[in-house]
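*Asks:* Mind looking over this structure? Questions follow.
The values are calculated or read from the model by the stated rules, or taken from the named source; none is laboratory data. Since this is a predicted model, take the numbers as computed values, not measurements. Virtual Cβ from ideal backbone geometry, glycine too; neighbours counted across all protein chains shown.
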Amino acid sequence: MERLGSIKAFHDRQRELTEKLDPEQKIITICGGTGCIAFGAPDVEQVFRDEVASRGLSESVSVKRTGCHGFCEKGPVIVILPQGIFYPSVQIEDIGEIIDETVVAGKTIERLLYVDPMTGERIAEDHKIPFYARQQRAVFRLNGILDPIDLDDYLARDGYAAAAKALGDMTPEDVIDEVIAAGLRGRGGAGFPAGRKWQFCRQAPGDQKYLICNADEGDPGAFMDRSLLEGTPHAIIEGMIVAAYAIGASEGIIYVRAEYPLAIENTRIALDQARAAGLLGEDILGTGFDFDISIHKGAGAFVCGEETALIASLENSRGMPRPRPPFPAVSGYRGKPTNINNVETFANVPLIIRTGSAEYASVGTEGSKGTKVFALAGKVNNTGLVEAPMGATLRQIVFDIGGGIPDDREFKAAQLGGPSGGCVPAQFLDHPIDYDSLQEIGAIMGSGGLIVMDQTTCMVDIARFFTEFVQSESCGKCVPCRIGTKRMLEILTRITEGKGELEDIDRLVKLGEMIKEASLCGLGQTGPNPVLSAIRYFRDEYVAHVVDHNCPAGVCKALTSYFVEVELCKACGMCVKACPVDAISDGVKKVPAVIDQDKCVSCGVCIDTCKFDAVKISRG
């Protein structure tokens, strides 16, 4: 597109594009996020395009690739507009029928509709599906609507209006005051007020300042930032433009892990488009403001999510934190004042500037404003990305949006905040989720990872898993983190192997508190949280492992064995086929199954598969 040399030219272009939007246009939207790609979305998209063309429908029907819808387990996800008909898990053989029956004739195909796991009801329209209907999407609102690499598509939906408003109508101080008034807190984990952070950087002496977008998303199971960069990269760029103007930066960097190739590619294209349109580079929109953004690919070290370690990595040094002060706002990248926010934080900025701080602050709690995107995973029916207001309860997220626990099992706990977070047990299902309320119960918001657990989850084993992750990701610079987490892992491993002693539980608490107090950076300061919170709420499970040599959940292999009750086994062979390690043999036909204890890894698949309740667990 042609370069927009003034704010007036920008508004004229935006008005022209908005007027061209046709709410009645027939559009086949196909999720192009990483999750749906893994399920074969590119092939499905191509066949849709071929079939539309072969039927002579190209003039009246569009095929559009969008960003992630959030419902990743249901990919490839197809939504037919304008009706909003939602078809999950679409296969190539379904495409012809979808075009003929739904796109052309306007009918729904019953067998392809989404089935609500709670009610068994088939639901046709996406906005009526509880997973979507019970969210409050703000940051994520355009992810399933926009073509992520079509600048015009973003402009037509108020894209870059916040940047134009900030550059044309506001001073840098006005922008900072508005973000402070909105109550935006950093979504990367610590929850520090973003406006205050910008203010510190603006007030720091120095002509050269830097702005960094932290897209080094390292929590296991978390992919909020990845999906935002994949689906709405222009929104992140716009947020960075506003922030750069506020702090006085002329250079921005997006630090993104190299294993996010689609996020990197879509962001690169968006940056090129923004430069060509005069929205990045020199004299943006004729305002005299110069700002450009580059991409730096990180190697995937978890510790590089910490600000000073990230800066060290950018400077071609090993990613290791340094003591603070000085803080990056005073002396950061190349020794210059530097502001760092994560992807989701920048995605919130255009919302604040475009609609005003009062409207933004009307959502959320007193101390935590706006919405939060969570990566919902684990023992829950609906997994994926969900966005809810700050202050929503765990019950609302897990049961109303997530569809509850599979197989009618009971909710046991949720791990919030990834390996730096804590376990939230069932007694807090109705506790509000926000920065301050979570601290009261020993958890943290983190970047938004939320792993649901039921009674088949061992709280000792889950603590061991997260401690192993933290220990392996420790940079090794400070002794408390390097050695302390190793000792914690050794103790936890000993307990899961049935070799622990009662004093080990108190040793874990003492070690964890020492590591939190003495570690240099956030990795060590929060790393013991999963262990400490698990002991706080599930000490009885630790005692059972040590005293009774029993894993109540039937997970720890040294304390658990699976066997087949001969009288109940029907020799159907289903467990034999399901076992991932070939540990089950039925010998000859019609002979009850036998589990080889040397091969069995206690995964529980055989129990889930058996329809006759013949597989049992021997504990102790």
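*Asks:* Tally up the residues in the stretch 193-204 that are among the hydrophobic types (A, V, I, L, M, F, W, C) and under 26 Å from the mean Cα position of the chain (by Cα), please.
*Replies:* Number of matching residues: 2.
*Asks:* Do we have any residue at all in the stretch 165-173 that's polar (S, T, N, Q) and touching a strand residue (DSSP E or B) at 6+ places or on another chain (Cβ under 9 Å)?
*Replies:* Checking the stretch 165-173: not a single residue is polar (S, T, N, Q) and touching a strand residue (DSSP E or B) at 6+ places or on another chain (Cβ under 9 Å).
*Asks:* Then there's this: Could you check, for the stretch 202-221, whether at least one of its residues is in contact with a Leu (Cβ under 9 Å, 6 or more places away or on another chain), more than 27 Å from A301 (Cβ to Cβ) and touching a residue at least 12 places away in the same chain (Cβ under 8 Å)?
*Replies:* For the stretch 202-221, residues in contact with a Leu (Cβ under 9 Å, 6 or more places away or on another chain), more than 27 Å from A301 (Cβ to Cβ) and touching a residue at least 12 places away in the same chain (Cβ under 8 Å): absent.
*Asks:* Enumerate the pairs (first residue in the stretch 427-456 and over 24 Å from F140 (Cα atoms) and among the aliphatic types (A, V, I, L, M); second residue anywhere and in a helix (DSSP H, G or I) and modelled with pLDDT of 90 or more) with beta-carbon separation below 6 Å, excluding pairs fewer than 6 apart on the same chain, so at least 6 apart or on different chains.
*Replies:* Short answer, once both residue conditions are applied: L429/L394; L429/R395; I441/F428.
*Asks:* Among the candidates D207, D177, which residue alone is more than 30 Å from G35 (Cα to Cα), at pLDDT below 95 and over 21 Å from the mean Cα position of the chain (by Cα)?
*Replies:* From the options D207, D177, the qualifying one is D207.
Let's see how each residue does on (1) surrounded by fewer than 22 Cβ atoms within 10 Å (Cβ to Cβ); (2) not in a helix (DSSP H, G or I); (3) not assigned by TED's automatic domain parsing to the domain that holds L271:
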residue	(1), (2), (3)
R137	yes, yes, yes
N143	no, yes, yes
G159	no, yes, no
A163	no, no, no
A166	no, no, no
D174	yes, no, no
A181	yes, no, no
G188	no, yes, no
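*Asks:* Please determine whether any residue of the stretch 428-438 is touching a Gly at 6+ places or on another chain (Cβ under 7 Å) and of a type in the set (D, E).
*Replies:* Taking every residue of the stretch 428-438 in turn, at least one turns out to be touching a Gly at 6+ places or on another chain (Cβ under 7 Å) and of a type in the set (D, E).
*Asks:* Please specify each residue of the stretch 1-33 satisfying the condition of being of a type in the set (G, A, S) and in a loop (DSSP other than H, G, I, E, B).
*Replies:* G5, S6, G32, G33
*Asks:* Here's another thing I want to ask about it. So which helices (runs of 4 or more DSSP H) stay within the stretch 503-581 end to end and still have 2 or more residues that are surrounded by fewer than 21 Cβ atoms within 10 Å (Cβ to Cβ), in contact with a Leu (Cβ under 6 Å, 6 or more places away or on another chain) and in contact (Cβ under 8 Å) with a residue 40 or more places away in the chain?
*Replies:* Here the list is empty.
*Asks:* Looking at this structure, is E238 under 27 Å from G422 (Cα atoms), of a type in the set (D, E) and surrounded by 24 or more Cβ atoms within 10 Å (Cβ to Cβ)?
*Replies:* no
*Asks:* Can you pull out every residue in the stretch 333-368 that is buried (at least 24 other Cβ atoms within 10 Å of the Cβ) and of a type in the set (K, R)?
*Replies:* Passing the criteria: none in range.
*Asks:* Could you tell me how many of the residues in the stretch 523-536 are of a type in the set (G, A, S) and either out of contact with any helix residue (DSSP H, G or I) (no Cβ under 7 Å at 6 or more places or on another chain) or not assigned by TED's automatic domain parsing to the domain that holds I495 (or both)?
*Replies:* Looking only at that region, the number is 1.
*Asks:* Within the stretch 397-417, take every residue that is touching a Leu at 6+ places or on another chain (Cβ under 9 Å) and not aliphatic (A, V, I, L, M) and give me the one that is farthest from G67 (Cα to Cα).
*Replies:* F411
*Asks:* Give the residues of the stretch 99-130 that are surrounded by 20 or more Cβ atoms within 10 Å (Cβ to Cβ), touching a residue at least 40 places away in the same chain (Cβ under 8 Å), assigned to a helix (DSSP H, G or I) and out of contact with any helix residue (DSSP H, G or I) (no Cβ under 6 Å at 6 or more places or on another chain), sorted by residue number.
*Replies:* V103, P130 - these are the residues of the stretch 99-130 that are surrounded by 20 or more Cβ atoms within 10 Å (Cβ to Cβ), touching a residue at least 40 places away in the same chain (Cβ under 8 Å), assigned to a helix (DSSP H, G or I) and out of contact with any helix residue (DSSP H, G or I) (no Cβ under 6 Å at 6 or more places or on another chain).
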